[in-house]
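First comes the structure, then the notes that go with it.
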Amino acid sequence: MRKRDPRLAAPIGAGLATALLALAGCGTDDPEAAGTGAPVVMGMTNTTMATDPAAGYDPDSWLLFNNVFQSLLSFPKGGTTPEPEAAQRCAFTDGDSKVYRCTLKDGLKFSNGDPLTSKDVKFSFDRTRRIKDKNGPAVMFAALDKVDTPDAKTVVFHMKTPDATFPMKIASGAGSIVDHADYPADRLRTDGKATGSGMYTLKEYNSRKAVFAVNGSYKGPAKAKNSGMTVKFFNGAEKLKTAVEKGDVDLAYRGLSMKDIAALDGASLHQQHGTQVVEGSSAEVMHLVFNLKDRVAGKLGVRKAIAYLLDRPTLVRDVYQHTAEPLYSVVPAGISGHNTAFFDTYGDQPKPDKAKEALRSAGMHGKVPLTLWATPDRFGPGTVPAFQEIAQQLNRSGLFDAKVRSLPTKEYEQGVAAGRFGVYVKGWVPDYPDPDNFTQPFFGKDSVLSNHYSSPTITRLLPKTADQPDRGATKADFRELQNIIAQDVPVIPIWQGKQYAVARDGVSGLEWTLDSSTVFRFWEISKPSEA
């Protein structure tokens, strides 16, 4: 089963974009839950892919899911260990991470007034796996065998194989709980409505904006610091930049160009037009991927030569304007078990002599012809310029004759799947902040890379780490895995991203929503009533 690459959402479908959504039955049980402060207006260039949790597996859809739906667990602000959300408590009840039991809180309700019980939880997980939408998150629950509900407040998950990362998976957007009375069991919901029990309800949605209201019947740990969120969609980075500078939006997120972010960040107070740049951590990564069946990229010496020549610091300076950081291993910084295997093996500056030696060991003489494949759509506007910079770095060594070709996302993904490319790009936004999510999808069964790489040692290590509930105890195994990747070079890590938002003066709370959990928390954002 293939996982859809979630780094950037594709443009929204025309039918969904023109639908006007209304969510009836906004709860009003708790006047205190209506939120405090003024409503906040946010601008984006991306639009939400899906309103049905069984279909969405991209950052923009999960932005909606994390605010409209509840999961049993959630990631606290600034943290990567799941804590109870709709659940009162959850725990593995066996010694090998195969039985996971959760008890729901009392009095949970959906925004339409329906009670939320264990029946809805089981329904939600069974439904996602039954529909198995190609753009949905069912792939995350490959280890799940069945879900039992002994009573209205208890849910028991039974695994086919040990999965100590299951709590993180259900804390993500994939664990969104839907109302069994409002969603068909065997197909996607097509009316465009969204019935959840999260902090917000989706009141209106079209191609121009999405309007979220605070859900008064929400029961959970979050507290709304605003009285509602409106997300406006802009056609292009320049229009988004103008909107935040003019005050048409309170903040801009996802869509500003790297150049504009860097310019605003380094500008004087007067030049910033009353804005502030807020930087957060991110576990978003980009890799150079090699097809091991390719007649050139399949040679280990060629891959090592490229690793010796890659100048990441120059790349992130000149192309990404320091809005990313050099990455020297497949597990990024800030994630347990991270090391710097590629830095330790190949360094951070070009080594033409070492590269030449690697090529000669592979029987390569003269300039090596190489095509780097990219797409300008899927992985951000810097992707093609980044690959052009990499090609120039290779060519400056005199050892390669490298060029860049790009294709629209659909044709690009088809080419990757068909094995037509020797060297290509893959971006990744994690589903949950654990080293498993940066390794299992790439080097385990049904790899999303489609590059024909396998390692017997890694095949042994991955199930071993999945069986370990103490995630700190997996560090040694994940470091061994990263060292193997640096020696075999099926991929070369390029950069680790940062998260940015540009906000008007007076807007606060963004530092609590830009972290490595990838959860954008509407409820943490506030602005003065007079702003």
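The values are calculated or read from the model by the stated rules, or taken from the named source; none is laboratory data. Source: prediction; values computed, not measured. Cβ coordinates were reconstructed from backbone atoms using ideal geometry, including for glycine residues, and neighbour counts include every protein chain displayed. Calculation scope for accessible area: heavy atoms of the full protein, side chains included, ligands and nucleic acids excluded. Shrake-Rupley method; radii C 1.70, N 1.55, O 1.52, S 1.80 Å.
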Worksheet, complete the sentence: For Leu144, the residues 5 or more places away or on another chain with a placed amide H closer than 5 Å to its own amide H are Lys160
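Given a cut-off of 22 Å, name the pairs among Lys109/Lys203; Lys132/Lys464; Lys132/Lys169; Lys77/Lys169; Lys498/Lys527; Lys356/Lys403 whose C-alpha atoms lie farther apart than that in the structure shown.
Those over the limit are Lys132/Lys464; Lys498/Lys527.
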Worksheet item: Points 7 angstrom from Cα along the Cβ direction at Glu480 and Arg187: gap in nanometres?
Response: 5.0 nm
Item to complete: Before anything else, pin down the relative contact order of the range 135-230: Cα pairs under 8 Å, at least 6 apart, normalised by residue count, whole percent.
Response: 15 percent
Worksheet item: Which percent of the accessible area of the range 455-531 is formed by carbon and sulfur heavy atoms (probe 1.4 angstrom)?
Response: 50 percent
Item to complete: Report, in degrees rounded to the nearest 10, the 0 to 90 angle that the Cα long axis of helix 118-131 makes with the longest principal axis of the chain.
Response: 40 degrees
Item to complete: Using +1 at the Cβ of each Lys and Arg and -1 at the Cβ of each Asp and Glu in the chain, identify which of Leu309, Leu144, Phe166 lies farthest towards the dipole's positive end.
Response: Leu309
Item to complete: Would you please classify the overall shape of the chain from the alpha carbon gyration tensor, given that a ≥ b ≥ c denote the square roots of the eigenvalues, rounded means a/c under 1.5, and beyond that prolate means a/b larger than b/c while oblate covers the rest?
Response: oblate
Worksheet item: So how much accessible area does Thr81 have, in Å² to the nearest 10, using a 1.4 Å probe?
Response: 100 Å²
Worksheet entry | HN-Hα J in Hz across the range 84-99 - Karplus 6.51, -1.76, 1.60, θ = phi - 60°, x for Gly and Pro | x, 10, 6, 7, 7, 7, 9, 6, 6, 10, 10, x, 10, 6, 10, 10
Response to the item:
Taking a ≥ b ≥ c as the square roots of the eigenvalues of the Cα gyration tensor, with a/c under 1.5 meaning rounded and otherwise prolate when a/b exceeds b/c and oblate if not, the range 60-131 is rounded
Worksheet item: Ordered by residue, what ³J(HN,Hα) values in Hz, to whole numbers, does the range 518-528 give under the Karplus form 6.51 cos²θ - 1.76 cosθ + 1.60, where θ = phi - 60° and Gly and Pro are x?
Response: 6, 8, 8, 8, 3, 5, 7, 8, 9, 8, x
Item to complete: Please name whichever of Ala181, Leu327, Gln468 sits farthest to the positive end of the charge dipole of the chain, dipole taken about the Cα centre and charges placed at Cβ: Lys and Arg +1, Asp and Glu -1.
Response: Leu327
Discussion item. With a 1.4 Å probe and all protein chains left in place, how much accessible area per residue does the chain have, in Å²?
Written reply: 39 Å²
Worksheet item: Which shape class, rounded, prolate or oblate, goes with the range 329-420 when its Cα gyration tensor gives a ≥ b ≥ c as root eigenvalues, a/c under 1.5 marks rounded, and past that a/b bigger than b/c marks prolate?
Response: oblate
Worksheet item: What ³J(HN,Hα) values, in whole Hz, does the Karplus curve 6.51 cos²θ - 1.76 cosθ + 1.60 give for the range 204-219 when θ = phi - 60°, with x put for Gly and Pro?
Response: 7, 8, 8, 6, 9, 7, 10, 10, 10, 10, 5, 8, x, 9, 5, 10
Worksheet item: Taking amide hydrogens as modeled 1.01 Å from N in the peptide plane, which residues meet the under 5 Å criterion relative to Gln499, leaving out close sequence neighbours?
Response: Gly280, Ser281, Ser282
Worksheet item: Under 15 Å from the Cα of Lys119, which aspartates and glutamates turn up, not counting those fewer than eight places away in the same chain?
Response: Asp106, Asp148, Asp151, Asp179, Asp182
Worksheet entry | Given 15 as the ceiling on other Cβ atoms within 10 Å, longest exposed-site-free region of the chain for trypsin sites (Lys or Arg not before Pro) in DSSP loops | 3-131
Practice prompt. For Lys426, list long-range residues whose amide hydrogen, built 1.01 Å from N in the peptide plane, is under 5 Å from its own amide hydrogen.
Written response: His287, Val289
Worksheet entry | the chain, relative contact order [Cα under 8 Å, separation at least 6], % | 22 percent
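In debye, nearest 20, what is the charge dipole magnitude of the range 465-529 about its Cα centre with +1 on Lys and Arg Cβ and -1 on Asp and Glu Cβ, if you could check?
On the way: 7 positive and 9 negative charges, 66 e Å.
Using only the charged Cβ atoms, the result is roughly 320 debye.
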Response to the item:
The relative contact order of the range 186-325, taking Cα pairs under 8 Å that sit 6 or more residues apart, comes to a percentage of 13 percent
Discussion item. Of all beta bridges DSSP finds with both residues in the chain, what is the antiparallel percent, to the nearest 5?
Written reply: 75 percent
Worksheet entry | Dipole axis of the chain (+1 Lys, Arg; -1 Asp, Glu on Cβ), positive-most option in Val155, Tyr412, Ser517 | Tyr412
